[in-house]
Amino acid sequence: MVLSMTIPAVMMSTAFALVASWFFYSRLTHPAVLGWLALKIAIAGIRVLHRIWHTQRGHGFDHLARQRQSGWLLFADGLVWGLGGLVALAGQDSLTLMASISLVGVATMGAFALQAHWPYVVAYCVPVLVPAILVTLLERDPFGLFVGMGLSTLTLCLLGAARLAQNRIGEMLYLRFTNAQLAQERTAALNLAQQQIEEKSLFVATMSHELRTPLHGILGLTRMLQSSSLAGQDRDNLALVERSGEHLLTVINNILDFSRIEAGHLETEHKAFDLCTLLSDVVALNAVTAQAKGLSLQADIDLPASCVVMGDAARLRQILLNLVGNAVKFTHQGWIRVSVSRPAASADGAAPLVFHITDTGVGIAPQDMAHIFAPFKQAEAPAHQRLDGSGLGLTIARAMAHAMNGEVSCTSVLGQGSTFELTLPLPPAIAAATPVATAAIAQPSSETRPSSVRTVPLQGRVILAEDNDVNAMIVEALLRRHGLEVEHQPDGNAVIQAVCNNGIRPDLILMDCLMPMLDGFEATRLIRTDEQTRGLPRIPIVALTASALSEDSARCMAAGMDGYLSKPFTEDQLVSMLNTFLPVSSSPTQAAALNAA
C-alpha cells in the first residue's frame, strides 16, 4: 500500500517543490534555493528509480532490506524538506508563516500517503518539521514560540494519527486475509463434500448394479419355478422367496433414489400423460395387497374420464405408490381412500391438482410427526410389531414432489388414521399433445400385479448378448417360451461377429451393457456404423442393464439403442418390450401352446 503511492507522491511533491522554489526565490534571491531544488529533484529521482527497480525484480528480493532502504530514502526526502524550511525561515520574518504552512502541508500529505506503515511516517515527517520547530522556538519571541508550539503539536498529532491508522489498516488486512482464508477453506470443504457425495453416489450406483445382477437371477429362477408343477407348500415357499427378493429390490431402489437426491441429480420431465390411467394403475397395483388384508381400497377421482396433463408420470407414479403402499401397510382394518380433485375455481387448470390418501390405520403420534419426512426415520411401532422398510420412502416422495414444484404434507390422529396430501402443478396438456409412450423403456418394479402379457405368440430371431450365464438362461427360457428363436452371445465381439460378418441378421438384439472384451455401448455403435456403411435396415437393439439411473437410459439412447430394460425385470416387462419391436406369430398351434403354458 505504501510503495504503490511512491511515484504519484514523488511527482506531486516535486511539483510542489518547483512552485515553492519559485515563490521563495522571487523574494529571497538566494542561490541556496536553487541548490535545494536540485537536491530535491535528485532525491525524487532516486526514489522513483528505487521503486521501478524493485517492481522489475518482482518477489526476488529481501523484504526487510527493501523496507530499510525505503525508510532511509524517505528520511532523506524529509530532511531535504526540512533544510528547505531552514532556508525559507532564514529570510524575511514575513516568510515564516508561509514556510510553516508549506512544511505542514508537506508533512500532512506525507503522513496520509504513508499511514499504512507508522515507521515511515516517523522517518519522513520528523525531519520535515523538527528543524523548523527548533528554529522558531529558539527565536524566543511570542510569534516564534506560537509557531513552534503549533508545529510541535501538529507533529505529535500526525504521529499519533498515523499510529492509529496503521493499527486500523492492520486489523482491516487481518480480517480481509482471514475472511479470504475462511472463504477458501469453505470452498475447499464444499468441493470435498461434493466430491464425497459424488463418490458415494458412484459407489451406490455400482453396488446397485452388482446387487441387481444376482437379484435378477434369483427372481427370474424363482418365477420360472413357480410356473412349473409344484406342490402347494413348495409354491408358497417360492412365493415367499419372490416377495423377499422384491422387498430387497425396493430397498435398493430407495437407496439409489436417495443417493441421487443427495447428489442433486434428481431430474424431472415435463411430458403429456393420462392421469386417470396412471391412477387406475396405482390403485390396481395395491388392490391385491389390500384385499389380502381384508381392507377396502377406494378411489374417488373427480376428473374427466380422459385427463391428459403435463408433468413427470414416472415420478408421480412413484410418489403415489409410496403413499398408497404405506397406507395399506399401516392399516390393519377399515379402508384406504385415494381422492383427486382440482379446485372448481380453476376451470382453466391453473390451480394445482390435490391428491389425498386417507386411511383408518394406526395413525402417527404427535412426537413423530416432526420427523416422518426425515431420512431413515420411522414412527414408533408397538412393542410387538416391527416396521419394515428403510425409512426413505417419504423422504424420497417429498423430494420428488419438491422437484416438481409440489408439496407433501400429513395430518394424523394416533389410533384413528392418517391423511397425506400431495399438491402438484399438473396443467392440462394442449389438445395436440399425446400421452407419453413408455413401452420402449421399462423400469424395474417390485409391485405384484396381475399378468397383463398378451398371450399371442411372437415370431423372429433374437440375439441375446449376456455374459452372466444364469441371467442368460432365464431370459433365453422366457424368449423361447414366447415362440422366439434365440442365439446367445457372451460378449460384444461375438455379437459383432454374428451381426456384421454373417449373412443371417436377427430381428432384435437384447444387449447387455457391461460385458467383457467389448461392452454393449461400443458394440451398438459398431453395428449402427456397419448398417450405415452397407445401407442395411436398422435392427432394433434393447439394452439389458442392472443400472437404473436416468442418465444410463440417456447413454443407451445416445449409443444408438432403441429401448431400455433394467434388471431385474418381470416377464410382463420383457414381453411388453418384445411386443413393441417384434411381429405377432400367425401360427394357431403356437398360440395354443403359449396359452396353455
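The values are calculated or read from the model by the stated rules, or taken from the named source; none is laboratory data. Since the structure is predicted, the reported quantities are computational estimates derived from the model, not experimental observations. With ideal geometry, Cβ positions are generated from the backbone for all residues, glycine too; neighbour counts draw on all protein chains shown. Ligands, DNA and RNA are excluded from the accessible area calculation, which covers all protein heavy atoms including side chains. Shrake-Rupley method; radii C 1.70, N 1.55, O 1.52, S 1.80 Å.
Using only alpha carbons, the stretch 169-317 has a radius of gyration to Kirkwood radius ratio (Rg to Rh) of 1.21.
For the chain, DSSP calls about 50 percent of its internal beta bridges antiparallel. Between the amide H of residue 334 and those of 296, distances stay under 5 Å, these residues lying 5 or more places away or on another chain, with hydrogens modeled in the peptide plane.
I'd like the distance between the alpha-carbon centres of the stretch 493-527 and the stretch 1-77, rounded to an integer number of Å. Centre-to-centre distance over Cα atoms comes out at 82 Å.
Each part reduced to its alpha carbon centroid, the stretch 259-305 and the stretch 118-170 end up 86 Å apart. Solvent-accessible surface of protein heavy atoms, probed at 1.4 angstrom with all chains present, puts 152, 100 in the order 152, 100, largest first. At most 10 other C-beta atoms within 10 Å and a DSSP loop state: those are the exposed trypsin sites (Lys or Arg not before Pro) I care about. Give me the longest piece of the chain that has none. Within the chain, the longest run free of exposed trypsin sites (Lys or Arg not before Pro) spans 141-385.
According to the Cα-based calculation, Rg over Rh for the stretch 490-533 is 0.93, with Rh computed by the Kirkwood formula.
Loop exposure criterion: GluC sites (Glu not before Pro), DSSP state outside H, G, I, E and B, at most 16 other Cβ atoms within 10 Å. Applied to the chain, the longest stretch between such sites is 448-597. A simple rule links phi to the HN-Hα coupling: the Karplus curve 6.51 cos²θ - 1.76 cosθ + 1.60 with θ = phi - 60°, which for the stretch 358-369 gives 10, 9, 10, x, 6, x, 10, 5, x, 5, 8, 5 Hz, with x for Gly and Pro.
Quick one: pull the percent of accessible area on the stretch 472-586 belonging to carbon and sulfur, 1.4 Å probe, ligands and nucleic acids left out. Carbon and sulfur atoms account for 53 percent of the accessible area of the stretch 472-586. Computed over all pairs of different Cα atoms, the Kirkwood value for the hydrodynamic radius of the chain is 32.0 Å.
For the chain, lysine pairs with C-alpha atoms less than 24 angstrom apart, excluding pairs fewer than eight positions apart on the same chain, total 4. Counting only heavy atoms of the protein chains and using a 1.4 Å probe, residue 224 has close to 60 Å² of accessible surface. Got a number for the accessible area of residue 303? Probe 1.4 Å, square angstrom, nearest 10. The accessible area of residue 303 comes to roughly 30 Å². Exposed loop sites here mean chymotrypsin sites (Phe, Trp or Tyr not before Pro) with a DSSP loop assignment and at most 12 other beta-carbon atoms within 10 Å; the chain contains its longest site-free run at 62-375.
Please compute, over every Cα-Cα pair in the stretch 62-113, the percentage with a separation greater than 18 angstrom. Cα-Cα pairs in the stretch 62-113 separated by more than 18 Å: 43 percent. Secondary structure note: in the stretch 265-348, about 40% of the DSSP beta bridges are antiparallel.
Each other residue within a Cβ distance under 11 Å of residue 354 adds +1 if Lys or Arg and -1 if Asp or Glu, for a net charge of -2.
Estimated from helices alone, the mean residue ellipticity of the chain at 222 nm is -20000 deg cm²/dmol (sum of -39500 (n - 2.57) over DSSP H runs with n ≥ 4, per residue). Binning the alpha carbon pair distances of the stretch 249-363 at 5 angstrom intervals from zero yields the distribution 2, 10, 18, 20, 17, 16, 11, 4, 0, expressed in whole percent. If I take R0 = 60 Å and measure r between the Cβ atoms of residue 481 and residue 189 in this structure, what FRET efficiency does the formula 1/(1 + (r/R0)^6) give, to the nearest 0.05? Plugging the Cβ-Cβ distance into 1/(1 + (r/R0)^6) gives 0.60. If a/c stays under 1.5 just call it rounded; otherwise compare a/b with b/c (prolate if a/b is bigger, oblate if not). Do that for the stretch 102-240, with a ≥ b ≥ c from the square roots of the Cα gyration tensor eigenvalues. Taking the square roots of the gyration eigenvalues as a ≥ b ≥ c, the stretch 102-240 is prolate.
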